[in-house]
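Here is the structure we will look at, set down as structure tokens.
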Amino acid sequence: MLKLAVGLLTAAAVALLLDWFAPSEPPVGLRRHRRASQPAPGAEAANLLWVVQVSDIHISKFRDPKRAPDFEKFCSETIDIIQPALVLATGDLTDAKTRDKLGSEQVEVEWKTYQSILKRSRVMEKTKWIDIKGNHDSFNIPHLDSIRNYYRKYSAWRKDGSFHYIHTTSFGNYSFICVDATLSPGPKRPYNFFGILNMNQMEELSLMATESLHSNHTIWFGHFPTSTIISPAPGIRTLMSSATAYLCGHLHTMGGLMPALHSQHRGGTLELELGDWMDNRRYRILAFDHDLLSFADLNFEEWPVVLITNPKSFLYSSSAHEPLLRILYSTHIRILAFSPSVIISVKVYIDGVHLGNAHQVSGPLYVLKWSPQNYSEGFHHIDVAVQDASGKISTRGHIFAMEENLSLRFGFWPSVILLTDHYVLARVLFGLIVLIQIALLVSFRYLQKPALKEKPGLLTLTSYSLHVFSKTNIFYYSILVLNLYTILGPWFVGELIDGQVGACFSFGVFVGGSFLQGSLTFVVGILQMLFFNLPLMAYLCWCLLLRCQGHSFRSHIRHVRRLMAVLVHLAMALLLAWQVYSCYFLQRTYGTLAFFFSPMRTWLVVLTSALIYKTWTLQSSEFRTYIVEMKNCQSS
């Protein structure tokens with residue numbers, strides 16, 4: 001069983017690596033190679049469109065009093081300076097957490113604050129503002145028509161569900177397709193961390209994808225990264241393979257560990273997760289310049305803002321979606337530069353050589369004549385330094401190339417985080433961990449116990465303790481049933497939504513007459529197995545081994561190495577304390593009913609205490625054979 005588990009994990013890892021290093025070719029039926037060399041980027045302020053994205057705003061009644069005023073300043077001042085054609089607010093508009101951070105509910109005053117910011121800043125009069133729901137905006141909502149669905153009342157867009165918005169310009173149409181994977185009904189946190197799309201929603205999105213093929217470009221956007229969306233075949237990534245990019249949020253830079261979460265699907269579609277506004281005050285500018293896509297992830301109030309649109313970054317290029325040949329036929333380097341102060345210089349460097357100063361054409365567009373043929377081979381590095389009248393300087397650069405047969409790869413961890421179907425991985429790992437523990441129990445139950453030799457080593461003593469544990473009925477059946485129940489039984493029953501009692505299982509959640517597939521439940525199950533069920537079995541085995549050596553609870557402190565004994569008991573006490581805290585979390589999150597009807601939390605604390613007590617109070621006659629064998633071994 002262990003070999004099988006290791007083999008499956010190894011195969012999964014190899015498949016992931018092969019998939020990551022495989023060439024990024026789009027599906028045959030969906031390739032849209034853009035070979036047109038004209039119109040090429042020149043000195044005119046034409047064929048240029050830019051939009052802004054902001055995500056995970058988390059307007060809160062209880063936390064960070066500067067968050068809302070900063071967002072209002074962003075809407076009134078930053079948007080005034082950048083003047084985008086469109087703003088995409090990709091979910092978690094409000095925080096929807098209680099004061100103690102444990103509970104979750106829609107707080108109307110947070111929604112009113114959000115709406116008042118939009119109204120006072122008059123941002124909807126300056127640009128097209130499209131705001132969509134995130135998982136926080138769906139906490140504790142029994143159905144879409146509920147009075148608690150404040151998104152319908154206070155947002156700018158106000159329409160639930162996925163949709164297709166077409167932005168029309170003089171040089172073509174640009175499609176923006178929203179993926180609404182938020183749950184309905186929407187349970188309280190944390191069990192709506194993953195999004196779900198059903199077959200009807202997938203068919204609806206498929207029709208939108210087909211409609212968008214007539215546009216110059218298609219941008220998909222949503223709150224959840226594709227790795228946190230559960231979708232039926234052919235899968236959400238296949239559905240959006242005709243898109244140039246998918247814009248999302250939700251992961252909040254992984255607590256600062258991943259400041260840039262960007263990758264690319266096998267078909268060439270970019271997946272660009274944006275860091276949060278909540279703590280990091282991040283936003284993004286994305287531009288189409290002669291249908292070449294460029295973007296910059298930025299920090300609020302860091303000026304000047306610089307975006308090089310030609311030549312574009314090679315890493316973020318896709319021959320399946322963009323007319324990359326236009327870079328080679330372009331006549332000018334093109335830069336967007338924004339600042340509340342006057343821009344006084346835009347210096348351009350390629351491969352460390354100063355090419356000259358770009359001049360302003362119109363608005364934020366600066367250009368500098370160049371000869372792209374001089375850079376037709378290999379990789380090159382462009383840097384642009386912009387200085388404004390206040391003395392602030394910003395520098396931005398990237399690698400570019402004219403040859404499409406060259407290769408650059410996105411970072412391994414961002415690709416793993418964005419391109420792995422985490423709910424599938426969690427499901428497999430959870431099943432393997434439970435099966436391994438059950439296999440250990442059953443195997444040692446029926447395997448013949450080997451005879452102890454003099455001075456047994458750690459491995460022999462571990463094996464011996466497992467034999468004692470598995471062959472003692474009360475411990476064997478208790479842990480066997482616990483593991484089977486972890487897979488099959490309801491973990492708790494409580495108010496998953498206010499006024500609606502539901503049940504949580506490892507494989508999903510039943511609430512409001514609906515079944516929500518398991519996703520985060522498997523992650524919680526893995527943590528439960530690794531940090532409680534398995535350590536509990538190991539701790540009980542250790543205690544039983546001490547009993548076999550003739551020790552009682554009091555005597556083992558004196559005769560066993562004291563430091564080790566204290567550390568083992570302390571570790572178990574901490575794990576038990578975590579389990580007790582989980583009971584408190586259940587009560588605060590899902591109500592008193594969940595606290596009392598929680599076999600995997602409250603009841604398990606009682607069972608654990610009883611089993612630990614039993615290891616030290618079980619009659620010695622139960623261990624007589626083992627005690628005699630251990631004494632004989634020690635005396636020899």
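The values are calculated or read from the model by the stated rules, or taken from the named source; none is laboratory data. Nothing here was measured: the structure is a model prediction, and the numbers come from that model. Please note: Cβ atoms are built from the backbone with ideal geometry, for glycine as well, and neighbour counts cover all protein chains shown. Each accessible area value is taken on the protein alone, full model and side chains, heavy atoms only, with ligands, DNA and RNA left out. Shrake-Rupley method; radii C 1.70, N 1.55, O 1.52, S 1.80 Å.
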Relative contact order of the chain, please, whole-number percent, based on alpha carbon pairs below 8 angstrom and at least 6 residues apart. 13 percent
How would PHE553, PHE224 line up by accessible area, probe 1.4 Å, largest first? PHE553, PHE224
Sorting TRP303, CYS75, ILE399 by the position of each Cα along the dipole of the range 36-419 (Lys, Arg +1; Asp, Glu -1; all at Cβ), the one nearest the positive end of that ordering is CYS75
Leaving out same-chain residues fewer than 8 places away, which aspartates and glutamates sit with a Cα under 12 Å from that of LYS188? GLU105, ASP137, GLU495, ASP498
DSSP beta bridges in the chain: the antiparallel percent, rounded to 5, is 75 percent
Putting +1 on Lys and Arg Cβ atoms and -1 on Asp and Glu Cβ atoms, find which of GLY103, ASN357, GLY222 reaches farthest to the positive end of the dipole of the range 36-419. GLY103
Identify the trypsin sites (Lys or Arg not before Pro) of the range 558-621 meeting these criteria: DSSP loop state and at most 12 other C-beta atoms within 10 Å of the C-beta. ARG561
Evaluate the relative contact order of the range 292-357 (contact order divided by residue number), counting alpha-carbon pairs under 8 angstrom at least 6 apart; express in whole percent. 32 percent
Taking amide H positions as placed in the peptide plane 1.01 Å from N, state which residues far from LYS97 in sequence (5 or more) or on other chains have amide H under 5 Å from it. GLU105
Which of TYR165, ASN149, ILE333, positive extreme of dipole for the range 36-419 (C-beta unit charges): ASN149
Whole Å is fine, so just give me how far the alpha carbon centre of the range 153-179 lies from that of the range 507-575. 51 Å
Which value, in Å² and to the nearest 10, is the accessible area of MET124 when all protein chains are kept and the probe is 1.4 Å? 90 Å²
Once ILE526, ILE350, ILE487 are ranked on solvent-accessible area with the largest value leading and a 1.4 Å probe, the list reads ILE487, ILE526, ILE350
Gyration tensor (alpha-carbon) shape descriptor, the range 264-407, a/c threshold 1.5: oblate
Tell me the carbon and sulfur percent of the accessible area for the chain, rounded to whole percent, probe radius 1.4 Å. 60 percent
What is the ratio of the Cα radius of gyration of the chain to 2.2 N^0.38 Å, with N the residue count, to two decimals? 1.17
For the chain, size of Cβ-based charge dipole, Lys and Arg +1, Asp and Glu -1, in debye: 2380 debye
Quick one: how many Å² of LEU118 are accessible to a 1.4 Å probe, rounded to 10? 0 Å²
What accessible area per residue comes out for the chain, rounded to a whole number of Å², with a 1.4 Å probe? 43 Å²
In terms of the alpha carbon gyration tensor, root eigenvalues a ≥ b ≥ c, rounded if a/c is under 1.5 and otherwise prolate when a/b exceeds b/c or oblate, the range 517-631 is prolate
When only the heavy atoms of the protein chains count and the probe is 1.4 Å, how do MET208, MET254 rank by accessible area, highest first? MET254, MET208
